[in-house]
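Student: Sharing a structure here in structure tokens format.
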Amino acid sequence: MTDQTLSSPSDFAASTPPSIFRGGKQAADATFRWALFACGALVLVVLGAILIQLFFGGLPILVAEGLDFFTSSDWNPVTERYGAVVMLYGTLVTAVIAVVIGVPVSFGIAFFLTEVAPIPVRRPIGTAIQLLAAVPSIIFGMWGFFVVAPLMAEWVEPAIAAVLGPIPLIGILFSGPPLGTGILTAGLILALMIVPFMSAMFVEIIESVPGVLKEAAYGVGSTTAEVFRHVSVPYGRTALVGGIMLGLGRALGETMAVTFVIGNANRIKASLFAPGASIASTIANEFPEAGPGSLKLNALLELGFTLFVISFLVLALARWLVKSRLD
Amino acid sequence: MSLFKRRMAADLILKVVASGLAAMVLVLLAWILWTLVIRGASALSLSVFTNPTLPPGRGGGLANAVVGTLIQVVISVVIAAPIGVMAGTYLAELGTKSKIGGAVRFVNDVLLSAPSILIGLFVYQAVVLPFGGFSAWAGSIALAVVILPVVVRSTEDMLRLVPGSLREAAFALGAPHWRVVVSVMWRAARAGIVTGVLLAIARAAGETAPLLFTSLGNLSWSFDMTKPMASLPLAIYQYAGSPYDEWVALAWAGALIITAGVLTLNIVSRLMLAGVKRS
């Protein structure tokens, strides 16, 4: 017998089992643990492989264009000049619209599901909202293109233009012909897609607020809304910001829904009604014309690498913020 | 108005607005489903399920796309589910406090939310180019990468729900670690693990972006895993953007089929999960 003791089963990883288990069992255990570890490590390998493939796939365009790739808005397969500014702009603006609209809606839903709704209906309504997250993104794209875009062109965009258009500075954002498909519509569809994720996270965070804090606030005469705004939200502030970042990360990389409704135009217009392009929609749209070995394929891979780095940073920050509060 | 009345009014207004927002999102969900049912059901017919995709005007269906989706999803699950369950078990059993375990958990969370089109690009680079062409294998591998993090996450969560006394009892009987995991932990968490795999299937079945550059789509029947293969989301994508009314109608029929399938899977697994958590 060695002097090792099994203080807890999770110590198994670090320590060898006691020697009374000599022979077959020990070998089986070692093999089993090794297999578990190999599968866990495979997750790391997958991420590493994605990064490496996208990085080296996009490298030739960086050699050809240098850092101009990130500062040029020229995307021209004929002259073989590729710049990512239009796509970066489209990606960021649609995601920001989605977050600006999605966050207040998600807060409202979280308030409704944690404080307002009668307890028996909270679960069913929460589940129904979660089902929205399960709808495939291509369905949002079709619905957005065939149903929402015509409504946007006929009613919503002219109405917005009539109300906000005459205001100086802001008016420029809402000028131009109401086409239906464009940056604004893409942002709206994205908002609807990230609301289920964000509201579910918000509900979880709000529910983790200690009851005594809320009761103390109620005890001094606060209303439900005041407790939510001045106790629950400040308590979960860090995690809530993490939840918003998670929503942002989702919106940045969404492909199919955006491809249907963004209008796919390689130019930047000040108006949010104008069609544009996001990184993901450009990859989806232009890939069929990018043959193996072409510079265009390299440009698309570099776009992919850029999107990966952006969403990796956003998601990493989100996870760090959420965990630091919930753990 | 007194301060008290003003505060009560503000409270009421916020409650009404919050209820209105929740109602709005539910109405939008109902609107999407209603659109699918109205436009999809009128295009649904028996030939949709029996005929492959054909040129416009010849009464094509989606049978090859439905079968293609089933084949690719099943193969991706066969690849990813065992690896995912093992990796999730690693996190719950061995990697609770270790640095590598923390790294795996973090990377898995990132993969869970990573843009799925990048998985398609990755598989194009890693599988399609080296092996000389678009293939159903490449599509299945891309879907496997989509499924893997979902299974890892749910397996770890489910194993953590197993009471510690169960595993301690097994260890106290002298069972080796592998026996404890296989016969006690996995068995106790079985329903939850299966639910996680079902949710992963629901997610993979509706994915379009990872298949665009991997299995490519196919207008005729194909059961050859080394050739391009049709799938429902790809067929919807191709048909929805086509100028033929007949194809657009087929796209709606496909959209109805895939959404009905995905939502049914989702509801079933959520009901199962509620049962698991209650017991």
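The values are calculated or read from the model by the stated rules, or taken from the named source; none is laboratory data. Remember, it's a predicted structure, so these values are computed and weren't measured experimentally. Quick reminder, even Gly has a Cβ in these numbers, built from the backbone with ideal geometry, and neighbours come from all protein chains shown. Calculation scope for accessible area: heavy atoms of the full protein, side chains included, ligands and nucleic acids excluded. Shrake-Rupley method; radii C 1.70, N 1.55, O 1.52, S 1.80 Å.
Student: Are there chymotrypsin sites (Phe, Trp or Tyr not before Pro) in the stretch B:94-203 that DSSP puts in a loop and that have at most 15 other Cβ atoms within 10 Å, and which ones? Intermediate results must be reported in sequence, preceding the final value.
Tutor: Numbers: sites: B:Phe106, B:Phe122, B:Tyr124, B:Phe131, B:Phe134, B:Trp137, B:Phe171, B:Trp178, B:Trp186; in loops: B:Phe131, B:Phe134.
Filter output for the stretch B:94-203: B:Phe131.
Student: Let me ask another. Under the definition of partner shielding as Cβ atoms of other protein chains within 10 Å of a residue Cβ, what is the mean value for peptide A:56-65?
Tutor: Taking all residues of A:56-65 together, the mean is 1.
Student: Roughly how large, in nm² to one decimal, is the mean projection of the convex hull of the alpha-carbon atoms in the stretch A:103-162?
Tutor: 5.7
Student: In nm, to one decimal, how far is the A:Arg229 label point from the B:Met225 one, both placed 7 Å along Cα→Cβ?
Tutor: 6.0
Student: Take the solvent-accessible surface of the protein heavy atoms, probe 1.4 Å, and return the percent of it on the protein assembly as shown that carbon and sulfur atoms account for.
Tutor: 69
Student: Ratio of Rg to Rh for the stretch A:49-171, alpha carbon only, Kirkwood?
Tutor: On the way: Rg = 21.4 Å, Rh = 19.3 Å.
Dividing the radius of gyration by the Kirkwood radius yields 1.11.
Student: Could the peptides A:122-128, B:107-113 be put in order, highest first, of the mean number of other beta-carbon atoms found within 10 Å of their residues?
Tutor: Sorting A:122-128, B:107-113 by mean packing, highest first, produces B:107-113, A:122-128.
Student: Let me ask something else about it. Quick one: compute the contact order of chain B, relative version, from alpha carbon pairs under 8 angstrom and 6+ residues apart, as a percent. Could the numbers behind the result be given before it?
Tutor: Values: 373 pairs, mean separation 71.7, N = 279.
26 percent.
Student: With an 8 Å cut-off on Cα pairs and a minimum separation of 6 or more residues, tell me the relative contact order of the stretch A:126-275 in percent.
Tutor: Computed value for the stretch A:126-275: 42 percent relative contact order.
Student: I've got another one for you. Is there a pair in B:Lys99/B:Lys227; A:Lys269/A:Lys296; A:Lys214/B:Lys97; A:Lys269/B:Lys15 whose C-alpha atoms are over 30 Å apart, and which pairs would that be?
Tutor: From the list (B:Lys99/B:Lys227; A:Lys269/A:Lys296; A:Lys214/B:Lys97; A:Lys269/B:Lys15), the Cα-Cα distance tops 30 Å for B:Lys99/B:Lys227; A:Lys214/B:Lys97; A:Lys269/B:Lys15.
Student: Given N residues in the protein assembly as shown, what is Rg(Cα) / (2.2 N^0.38 Å)?
Tutor: After normalising by residue count via 2.2 N^0.38 Å, the value is 1.02.
Student: Could you pull the accessible area for B:Val248 with a 1.4 Å probe, rounded to 10 Å²?
Tutor: B:Val248 has an accessible surface of roughly 20 Å² with all protein chains in place.
Student: Follow-up. Which chymotrypsin sites (Phe, Trp or Tyr not before Pro) in the stretch B:233-279 pass both tests, a DSSP loop state and at most 14 other beta-carbon atoms within 10 Å?
Tutor: Hits after loop and neighbour filter: B:Tyr244.
Student: If one computes the Cα centroid of the stretch B:39-81 and of the stretch B:118-132, what distance in Å separates the two points?
Tutor: Going from one Cα centre to the other spans 24 Å.
Student: Can you tell me the FRET efficiency between B:Leu26 and B:Lys277 if r is taken as the Cβ-Cβ distance and R0 is 25 Å, rounded to the nearest 0.05?
Tutor: FRET efficiency, B:Leu26 to B:Lys277: 0.55.
Student: Which one of B:Leu234, B:Leu166, B:Leu219 has the biggest mean-square fluctuation once chain B is modelled by GNM with Cα springs under 10 Å?
Tutor: Most flexible of the set in this elastic network: B:Leu166.
Student: Compare the peptides A:293-304, A:209-220 by average per-residue count of other Cβ atoms within 10 angstrom and give them in order, highest first.
Tutor: Values: A:293-304: 22.2, A:209-220: 12.4.
Ranked from most to least packed, the peptides come out as A:293-304, A:209-220.
Student: Take peptide B:7-20, look around each residue's Cβ out to 10 angstrom, count Cβ atoms belonging to other protein chains, and average those counts.
Tutor: Values: counts 5, 2, 1, 4, 7, 3, 1, 11, 10, 1, 6, 15, 6, 2.
Across B:7-20, the average partner-chain Cβ count within 10 Å equals 5.
Student: On a C-alpha basis, how far is the centre of the stretch B:185-214 from the centre of the stretch B:216-279 in Å? Whole number, if you could?
Tutor: 15
Student: Here's another thing I want to ask about it. Given Cα pairs under 8 Å that are at least 6 residues apart, what percent is the relative contact order of chain A?
Tutor: With pairs under 8 Å counted, the relative contact order is 25 percent.
Student: Chains B and A: what accessible area do they bury, summed, in square angstrom to the nearest 100, with a 1.4 Å probe?
Tutor: On the way: alone 15480 and 17670 Å², together 25650 Å².
Buried area between the two chains comes out at roughly 7500 Å².
Student: For the protein assembly as shown, what is the calculated [θ] at 222 nm in deg cm²/dmol (nearest 500), taking -39500 (n - 2.57) for each run of four or more DSSP H residues and dividing by its residue count?
Tutor: After summing the helix terms and dividing by the residues of the protein assembly as shown, the value is -22000 deg cm²/dmol.
Student: Still on this structure, please answer the following. Taking the Cα centre of chain A as origin, work out the dipole magnitude from +1 charges on Lys and Arg Cβ and -1 charges on Asp and Glu Cβ, in debye rounded to 20.
Tutor: 480
Student: A follow-up question, please. Would you kindly state how much longer the chain becomes between A:Val220 and A:Ala27 on full extension, computed as 0.36 nm times their sequence separation minus their alpha carbon distance, in nm to one decimal?
Tutor: Value of the extension gain: 63.1 nm.
Student: Sorted by mean Cβ packing within 10 Å, highest first, what order do the peptides A:178-188, A:272-282 take?
Tutor: Details: A:178-188: 25.0, A:272-282: 26.7.
Per-residue mean Cβ counts within 10 Å order the peptides as A:272-282, A:178-188.
Student: Determine Rg/Rh for chain B; Rg is computed over alpha-carbon atoms and Rh is the Kirkwood hydrodynamic estimate from the same atoms.
Tutor: Across chain B, the Cα-based Rg/Rh ratio is 1.09.
Student: Express the accessible area of the protein assembly as shown per residue in Å², computed with a 1.4 Å probe while the remaining protein chains stay in the model. Please report the intermediate quantities before stating the final value.
Tutor: Working: 25650 Å² over 606 residues.
Counting only protein heavy atoms, the per-residue value for the protein assembly as shown is 42 Å².
Student: Can you figure out the FRET efficiency of A:Ser72 with A:Trp320, using R₀ = 30 Å and their beta-carbon distance, to the nearest 0.05? Don't skip to the answer; put the middle values down first.
Tutor: Values: r = 33 Å, r/R0 = 1.11.
So, using R0 = 30 Å, E works out to roughly 0.35.
Student: Shape of chain A from its Cα gyration tensor (a ≥ b ≥ c, root eigenvalues): rounded if a/c is under 1.5, otherwise prolate when a/b > b/c, or oblate? Provide the component values of the computation, followed by the final result.
Tutor: Details: a/c = 2.58, a/b = 1.22, b/c = 2.11.
Verdict is oblate for chain A.
Student: Once amide H atoms are placed 1.01 Å from N in the peptide plane, what residues at a sequence separation of 5 or more from A:Arg81, or on another chain, have their amide H within under 5 Å of its amide H?
Tutor: Amide H neighbours of A:Arg81: A:Asn76.
Student: By the gyration tensor of its Cα atoms, with a ≥ b ≥ c the square roots of the eigenvalues, what is the shape of the stretch B:59-127: rounded for a/c under 1.5, prolate for a/b over b/c, or oblate? Don't skip to the answer; put the middle values down first.
Tutor: On the way: a/c = 3.49, a/b = 2.10, b/c = 1.66.
Prolate shape, in that a/c is at least 1.5 and a/b is the bigger ratio.
Student: Whole angstrom only: what separates the Cα centroid of the stretch A:205-231 from the Cα centroid of the stretch A:65-114?
Tutor: 37
Student: Still on this structure: With bins 10 Å wide starting at 0, give me the P(r) of the stretch B:12-61 over every alpha carbon pair, in whole percents.
Tutor: Once binned at 10 Å, the Cα pair distances of the stretch B:12-61 give 22, 26, 20, 15, 11, 6.
Student: OK, next. What is the sum of charges, Lys and Arg at +1 and Asp and Glu at -1, for the other residues whose Cβ falls under 15 Å from the Cβ of A:Gly83?
Tutor: Around A:Gly83, the charge tally is -3.
Student: Just checking the output field for B:92-103: average partner chain Cβ neighbours within 10 Å of each residue's Cβ?
Tutor: Working: counts 2, 8, 9, 5, 4, 4, 5, 0, 5, 4, 0, 5.
Taking the mean over all residues of the peptide, I get 4.
Student: I would also like to ask the following. Counting other Cβ atoms within 10 Å of each Cβ, which trypsin sites (Lys or Arg not before Pro) in the stretch B:30-117 have at most 15 and sit in a DSSP loop?
Tutor: Those that pass, being in a loop and sparsely packed, are B:Arg58, B:Lys97.
Student: Here's something else I'd like to know. Quick one: putting +1 on the C-beta of Lys and Arg, -1 on the C-beta of Asp and Glu, what dipole do you get for the stretch B:148-279 around its Cα centre, in Debye to the nearest 20?
Tutor: Here the stretch B:148-279 has a charge dipole of around 760 debye.
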